[in-house]
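All remarks here apply to the structure that follows.
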Amino acid sequence: MKVLVAGAHGKTARRLVRKLAGDGHEVRGLVRKEDQLAEVQADGAEPVLVDLENDEVHGRLGEAVAGCDAVVFAAGAGPGSGEARKETMDYGGAAKLVEAAEKNGAGRYLMLSSVGAGDPEAGPEAMRPYLRAKAKADERLRESGLEWTIIRPGSLTEEEGTGLVEAAEDLGRRGEIPREDVAVAFAVALESPNTVGKTFELLSGETPIREALEGL
Ligand SMILES: NC(=O)c1ccc[n+]([C@@H]2O[C@H](COP(=O)([O-])OP(=O)(O)OC[C@H]3O[C@@H](n4cnc5c(N)ncnc54)[C@H](OP(=O)(O)O)[C@@H]3O)[C@@H](O)[C@H]2O)c1
(Lines give C-alpha, C1' and ligand atoms only; values in the text may rest on other atoms or scores of the structure.)
Protein backbone atom coordinates (compact mmCIF):
# COMPACT_ATOMS: atom_id res chain seq x y z
CA MET A 1 0.00 0.00 0.00
CA LYS A 2 1.12 3.58 -0.51
CA VAL A 3 0.69 5.46 2.77
CA LEU A 4 1.17 9.12 3.69
CA VAL A 5 2.17 9.72 7.32
CA ALA A 6 1.50 13.31 8.41
CA GLY A 7 3.85 14.52 11.12
CA ALA A 8 6.43 11.94 10.05
CA HIS A 9 9.20 13.28 12.27
CA GLY A 10 7.11 12.94 15.43
CA LYS A 11 8.07 10.46 18.13
CA THR A 12 5.26 8.00 17.37
CA ALA A 13 5.28 8.69 13.63
CA ARG A 14 8.98 7.89 13.18
CA ARG A 15 8.40 4.45 14.68
CA LEU A 16 5.36 3.99 12.45
CA VAL A 17 7.23 5.03 9.30
CA ARG A 18 9.99 2.50 10.03
CA LYS A 19 7.45 -0.24 10.76
CA LEU A 20 5.40 0.43 7.61
CA ALA A 21 8.51 0.59 5.42
CA GLY A 22 9.76 -2.64 7.05
CA ASP A 23 6.40 -4.30 6.31
CA GLY A 24 6.91 -3.46 2.62
CA HIS A 25 4.61 -0.46 2.28
CA GLU A 26 5.59 2.55 0.20
CA VAL A 27 5.63 5.43 2.67
CA ARG A 28 5.47 9.17 2.12
CA GLY A 29 6.53 11.17 5.16
CA LEU A 30 5.09 14.67 5.51
CA VAL A 31 7.08 17.23 7.54
CA ARG A 32 7.08 21.03 7.66
CA LYS A 33 10.81 21.54 8.37
CA GLU A 34 13.48 21.10 5.74
CA ASP A 35 16.06 19.92 8.26
CA GLN A 36 13.89 16.84 9.02
CA LEU A 37 13.75 15.59 5.44
CA ALA A 38 16.97 13.55 5.57
CA GLU A 39 16.01 11.67 8.75
CA VAL A 40 12.55 10.87 7.42
CA GLN A 41 14.17 9.53 4.27
CA ALA A 42 16.60 7.46 6.36
CA ASP A 43 13.58 5.98 8.18
CA GLY A 44 12.45 4.61 4.82
CA ALA A 45 9.95 7.21 3.56
CA GLU A 46 9.83 9.51 0.58
CA PRO A 47 9.91 12.88 2.40
CA VAL A 48 7.53 15.69 1.41
CA LEU A 49 7.52 19.24 2.75
CA VAL A 50 4.07 20.61 3.68
CA ASP A 51 2.95 22.79 6.58
CA LEU A 52 -0.47 21.55 7.66
CA GLU A 53 -1.31 24.95 9.19
CA ASN A 54 -0.23 27.18 6.35
CA ASP A 55 -3.03 27.76 3.87
CA GLU A 56 -0.66 29.16 1.28
CA VAL A 57 0.86 25.75 0.82
CA HIS A 58 -2.41 23.90 1.36
CA GLY A 59 -2.53 23.11 -2.36
CA ARG A 60 0.57 21.05 -1.97
CA LEU A 61 -1.10 18.86 0.64
CA GLY A 62 -3.28 17.57 -2.19
CA GLU A 63 -0.18 16.78 -4.24
CA ALA A 64 1.36 14.97 -1.27
CA VAL A 65 -1.75 12.84 -0.82
CA ALA A 66 -2.29 12.14 -4.53
CA GLY A 67 -1.42 8.56 -5.41
CA CYS A 68 -1.69 7.32 -1.81
CA ASP A 69 -4.11 4.57 -0.79
CA ALA A 70 -4.13 5.63 2.86
CA VAL A 71 -3.18 8.52 5.12
CA VAL A 72 -2.28 8.60 8.81
CA PHE A 73 -2.65 11.72 10.95
CA ALA A 74 0.13 11.39 13.53
CA ALA A 75 1.00 15.10 13.83
CA GLY A 76 0.13 17.36 16.73
CA ALA A 77 0.77 20.80 18.14
CA GLY A 78 2.46 19.26 21.18
CA PRO A 79 2.15 19.84 24.92
CA GLY A 80 3.87 23.27 24.89
CA SER A 81 1.34 24.80 22.49
CA GLY A 82 -1.47 27.21 23.35
CA GLU A 83 -5.17 27.01 22.63
CA ALA A 84 -4.86 28.64 19.20
CA ARG A 85 -2.66 25.86 17.87
CA LYS A 86 -4.99 23.18 19.24
CA GLU A 87 -7.49 24.70 16.83
CA THR A 88 -5.18 25.23 13.83
CA MET A 89 -3.18 22.02 14.20
CA ASP A 90 -4.87 19.33 16.30
CA TYR A 91 -8.24 20.10 14.69
CA GLY A 92 -7.40 22.14 11.58
CA GLY A 93 -4.45 20.06 10.39
CA ALA A 94 -6.37 16.81 10.81
CA ALA A 95 -9.41 18.26 9.04
CA LYS A 96 -7.32 19.51 6.11
CA LEU A 97 -5.92 16.05 5.73
CA VAL A 98 -9.48 14.63 5.66
CA GLU A 99 -10.34 17.08 2.88
CA ALA A 100 -7.15 16.30 0.96
CA ALA A 101 -7.82 12.55 1.23
CA GLU A 102 -11.41 13.03 0.01
CA LYS A 103 -10.33 15.15 -2.94
CA ASN A 104 -7.33 13.08 -3.95
CA GLY A 105 -8.64 9.55 -3.72
CA ALA A 106 -6.88 8.24 -0.60
CA GLY A 107 -9.72 6.08 0.63
CA ARG A 108 -8.37 5.06 4.03
CA TYR A 109 -7.65 7.41 6.97
CA LEU A 110 -6.16 6.41 10.32
CA MET A 111 -6.42 9.02 13.06
CA LEU A 112 -4.09 9.23 16.06
CA SER A 113 -6.58 10.66 18.52
CA SER A 114 -6.42 10.53 22.32
CA VAL A 115 -8.07 8.88 25.27
CA GLY A 116 -10.52 11.45 26.66
CA ALA A 117 -11.54 12.79 23.24
CA GLY A 118 -14.82 10.89 23.63
CA ASP A 119 -15.89 13.25 26.42
CA PRO A 120 -13.69 16.39 26.54
CA GLU A 121 -15.76 18.08 29.27
CA ALA A 122 -15.00 15.20 31.65
CA GLY A 123 -11.24 15.71 31.23
CA PRO A 124 -8.98 17.82 33.44
CA GLU A 125 -9.58 21.53 32.78
CA ALA A 126 -6.11 22.15 31.35
CA MET A 127 -6.60 19.33 28.84
CA ARG A 128 -10.05 20.39 27.62
CA PRO A 129 -9.00 22.65 24.71
CA TYR A 130 -6.79 19.85 23.41
CA LEU A 131 -9.47 17.18 23.91
CA ARG A 132 -12.13 19.38 22.26
CA ALA A 133 -9.86 19.86 19.23
CA LYS A 134 -9.23 16.11 19.02
CA ALA A 135 -12.97 15.41 19.36
CA LYS A 136 -13.78 17.85 16.55
CA ALA A 137 -11.15 16.27 14.31
CA ASP A 138 -12.56 12.80 14.99
CA GLU A 139 -16.07 14.06 14.20
CA ARG A 140 -14.92 15.61 10.91
CA LEU A 141 -13.37 12.30 9.93
CA ARG A 142 -16.49 10.31 10.85
CA GLU A 143 -18.57 12.59 8.63
CA SER A 144 -16.29 11.94 5.66
CA GLY A 145 -16.88 9.25 3.10
CA LEU A 146 -13.49 7.71 3.90
CA GLU A 147 -12.77 4.30 5.40
CA TRP A 148 -11.68 5.61 8.76
CA THR A 149 -10.25 4.22 11.97
CA ILE A 150 -9.83 6.39 15.08
CA ILE A 151 -7.31 5.15 17.64
CA ARG A 152 -7.29 6.81 21.07
CA PRO A 153 -4.17 5.88 23.03
CA GLY A 154 -3.48 6.78 26.65
CA SER A 155 -0.41 8.72 27.76
CA LEU A 156 2.41 7.96 25.36
CA THR A 157 5.74 6.80 26.79
CA GLU A 158 9.22 6.22 25.43
CA GLU A 159 9.38 2.75 27.04
CA GLU A 160 10.16 -0.23 24.86
CA GLY A 161 7.05 -1.81 23.34
CA THR A 162 5.68 -4.99 24.90
CA GLY A 163 3.35 -5.95 22.04
CA LEU A 164 0.59 -6.36 24.62
CA VAL A 165 -2.39 -4.00 24.77
CA GLU A 166 -6.02 -3.58 25.71
CA ALA A 167 -8.37 -2.09 23.11
CA ALA A 168 -12.06 -1.23 23.33
CA GLU A 169 -14.43 1.61 22.46
CA ASP A 170 -14.48 2.63 26.13
CA LEU A 171 -11.91 1.05 28.43
CA GLY A 172 -13.29 2.86 31.47
CA ARG A 173 -9.79 3.55 32.80
CA ARG A 174 -6.79 5.75 32.05
CA GLY A 175 -3.19 4.63 31.66
CA GLU A 176 -0.08 4.61 29.53
CA ILE A 177 1.18 2.92 26.40
CA PRO A 178 4.61 2.95 24.73
CA ARG A 179 4.72 4.82 21.40
CA GLU A 180 6.24 1.69 19.88
CA ASP A 181 3.07 -0.32 20.63
CA VAL A 182 0.89 2.48 19.24
CA ALA A 183 2.93 2.44 16.02
CA VAL A 184 2.47 -1.33 15.68
CA ALA A 185 -1.28 -0.98 16.34
CA PHE A 186 -1.53 1.53 13.48
CA ALA A 187 0.35 -0.79 11.12
CA VAL A 188 -1.96 -3.68 12.10
CA ALA A 189 -5.11 -1.52 11.80
CA LEU A 190 -4.08 -0.47 8.29
CA GLU A 191 -4.31 -4.11 7.22
CA SER A 192 -7.40 -5.01 9.29
CA PRO A 193 -10.68 -4.27 7.46
CA ASN A 194 -12.61 -4.97 10.69
CA THR A 195 -11.21 -1.73 12.16
CA VAL A 196 -12.85 0.41 9.46
CA GLY A 197 -15.55 2.64 10.97
CA LYS A 198 -14.30 1.94 14.50
CA THR A 199 -13.17 4.26 17.28
CA PHE A 200 -11.27 2.64 20.12
CA GLU A 201 -9.12 3.37 23.13
CA LEU A 202 -5.72 1.72 23.43
CA LEU A 203 -3.68 1.12 26.58
CA SER A 204 -0.96 -1.28 27.63
CA GLY A 205 -2.55 -4.59 28.52
CA GLU A 206 -2.18 -8.33 28.24
CA THR A 207 -3.41 -9.17 24.75
CA PRO A 208 -1.16 -9.35 21.65
CA ILE A 209 -1.86 -6.30 19.45
CA ARG A 210 -3.24 -8.20 16.45
CA GLU A 211 -5.55 -10.30 18.61
CA ALA A 212 -6.78 -7.20 20.48
CA LEU A 213 -7.66 -5.47 17.21
CA GLU A 214 -9.30 -8.59 15.75
CA GLY A 215 -11.57 -8.64 18.79
CA LEU A 216 -12.97 -5.14 18.21
N1 LIG B 1 1.69 12.75 24.30
C2 LIG B 1 0.72 11.98 24.70
O3 LIG B 1 0.71 11.41 25.81
C4 LIG B 1 -0.44 11.72 23.76
C5 LIG B 1 -1.50 10.92 24.21
C6 LIG B 1 -2.53 10.62 23.31
C7 LIG B 1 -2.48 11.12 22.00
N8 LIG B 1 -1.43 11.92 21.60
C9 LIG B 1 -1.40 12.37 20.20
O10 LIG B 1 -0.53 11.52 19.50
C11 LIG B 1 0.06 12.20 18.39
C12 LIG B 1 1.55 11.98 18.35
O13 LIG B 1 2.15 12.33 19.57
P14 LIG B 1 3.76 12.34 19.66
O15 LIG B 1 4.09 12.76 21.07
O16 LIG B 1 4.32 11.11 19.09
O17 LIG B 1 4.03 13.53 18.66
P18 LIG B 1 5.25 14.57 18.53
O19 LIG B 1 6.55 13.91 18.77
O20 LIG B 1 4.89 15.80 19.32
O21 LIG B 1 5.13 14.87 16.99
C22 LIG B 1 4.19 15.70 16.42
C23 LIG B 1 4.70 16.06 15.05
O24 LIG B 1 3.74 16.92 14.41
C25 LIG B 1 4.48 17.83 13.66
N26 LIG B 1 3.75 19.06 13.33
C27 LIG B 1 3.35 20.04 14.18
N28 LIG B 1 2.77 21.04 13.50
C29 LIG B 1 2.82 20.71 12.18
C30 LIG B 1 2.38 21.35 10.98
N31 LIG B 1 1.81 22.54 10.98
N32 LIG B 1 2.58 20.70 9.80
C33 LIG B 1 3.19 19.49 9.76
N34 LIG B 1 3.63 18.84 10.86
C35 LIG B 1 3.44 19.44 12.05
C36 LIG B 1 5.67 18.17 14.51
O37 LIG B 1 6.70 18.69 13.71
P38 LIG B 1 7.66 19.95 14.16
O39 LIG B 1 8.94 19.33 14.58
O40 LIG B 1 7.74 20.71 12.90
O41 LIG B 1 6.94 20.69 15.27
C42 LIG B 1 6.04 16.79 15.09
O43 LIG B 1 6.98 16.10 14.30
C44 LIG B 1 -0.41 13.65 18.51
O45 LIG B 1 -1.53 13.83 17.66
C46 LIG B 1 -0.85 13.76 19.95
O47 LIG B 1 -1.83 14.74 20.09
C48 LIG B 1 -0.42 12.20 22.46
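The values are calculated or read from the model by the stated rules, or taken from the named source; none is laboratory data. As the structure is a prediction and not an experimental result, all values here were calculated from the model. So basically every Cβ, Gly included, is an ideal-geometry build from the backbone, and we count neighbours across all protein chains shown. For the accessible areas, the whole protein counts, side chains as well, though only heavy atoms, and no ligand, DNA or RNA atoms are used. Shrake-Rupley method; radii C 1.70, N 1.55, O 1.52, S 1.80 Å.
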* To do: Give me the accessible area per residue for the chain, probe 1.4 Å, as a whole number in Å².
  => 45 Å²
* Taking only the alpha carbons of the chain, what extent do you get along each of the three principal axes, in Å, biggest first? -> 41, 38, 33
* Peptide ranges 84-97, 158-171, 134-147 listed from the most packed, as the mean C-beta count within 10 angstrom indicates -> 84-97, 134-147, 158-171
* Structure fact -> Restricting to Cα pairs under 8 Å and 6 or more apart, the percent relative contact order of segment 2-214 works out to 18 percent
* Structure fact -> Expected vector for segment 150-164, Karplus 3J(HN,Hα) from phi with 6.51, -1.76, 1.60 and θ = phi - 60°, integer Hz, x for Gly and Pro, equals 10, 10, 10, x, x, 4, 7, 10, 8, 4, 5, x, 10, x, 10
* Structure fact -> Residues whose modelled amide H sits under 5 Å from the amide H of R28, counting only those 5 or more places away in sequence or on another chain, are V3, L4, V5, E46
* Asked: Does segment 118-216 come out rounded, prolate or oblate by the C-alpha gyration tensor, with a ≥ b ≥ c the root eigenvalues, rounded set by a/c under 1.5 and, if not, prolate when a/b is larger than b/c and oblate if not?
  -> oblate
* Looking only at segment 158-180, which residues have a backbone nitrogen under 16 Å from a spot 7 Å from the Cα of R142 in the C-beta direction? -> 168-171
* To do: Which order do the peptides 117-128, 205-216, 71-82 take when ranked by the mean count of other beta-carbon atoms within 10 Å per residue, highest first?
  => 71-82, 205-216, 117-128
* Return the distance in nm (one decimal) between the two label points of a simple spin-label model at S81 and E46, each offset 7 Å from Cα along Cα→Cβ. => 2.7 nm
* Keeping the other protein chains in place, figure out the carbon and sulfur percent of the accessible area of the chain, with a 1.4 Å probe. => 45 percent
* Asked: What does the helix-only formula give at 222 nm for the chain: each DSSP H stretch with n ≥ 4 adding -39500 (n - 2.57), the total divided by the residues, and the result rounded to the nearest 500 deg cm²/dmol?
  -> -10000 deg cm²/dmol
